[in-house]
């Protein structure tokens, strides 16, 4: 975790980075935060990242449920590094558990930072649970694969 001194993150080279994004699976969502998404310290607001994670998790859950889903729990959410304006975020989501009506999804968020010397950071990890719902918005069984 980076340390902050007077609101400034430590240099990028001092935190863990990887050479490239994961190659499998493909990211479910890619987005670039804008200046309107920053908090009072100039970092991207955590609530904005949480919303993007919920969107990515919801896409994966809806695909597996073959229909509408609703978020029922945020089981875990870890911010590993700050996200900056101009980072390109890639969100990866995978199904980790399927119950009778629920689906648990893990989401990892990676940030690509800097051109031409791009560095990649895993900035956020989360686990969320969704429930499959019918047109009446009541829980329904998740169909077999």
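What follows draws every value from the coordinates through simple rules; no lab data is involved. Quick caveat: nothing in here was measured; it's all calculated off a predicted structure. Don't worry about glycine lacking a Cβ; one is built from the backbone with ideal geometry, like all the others, and counts go over all protein chains shown.
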Arranged by the count of other C-beta atoms within 10 angstrom, fewest first, what order do 74, 96 take? 96, 74
Do you know the relative contact order of segment 62-141, to the nearest whole percent, from alpha carbon pairs under 8 angstrom that are 6+ apart? 38
In a Gaussian network model of the chain with springs linking alpha carbons closer than 10 Å, the residue among 33, 25, 82 that fluctuates most is 25
Would you order 23, 124, 118 from fewest to most other beta-carbon atoms within 10 Å of each residue's own beta-carbon? 23, 118, 124
Given the DSSP H assignment, sum -39500 (n - 2.57) over each helix run of at least 4 residues in the chain and divide by its residue total; what's the result at 222 nm in deg cm²/dmol, nearest 500? -4500 deg cm²/dmol
Where does helix 46-65 land angle-wise versus the long Cα axis of the chain, in degrees 0 to 90, nearest 10? 30
In what sequence do 55, 44, 115, 28 fall when counting other Cβ within 10 Å, fewest first? 115, 55, 28, 44
Working out 0.36 nm times the residue gap between residue 94 and residue 115, then minus their Cα-Cα distance, what length gain in nm do you get to one decimal? 4.7 nm
Percent RCO, i.e. relative contact order, over the chain, from Cα pairs under 8 Å lying at least 6 residues apart: 27
What fraction of the Cα pairs in segment 17-132, stated in percent, has a spacing above 19 angstrom? 45
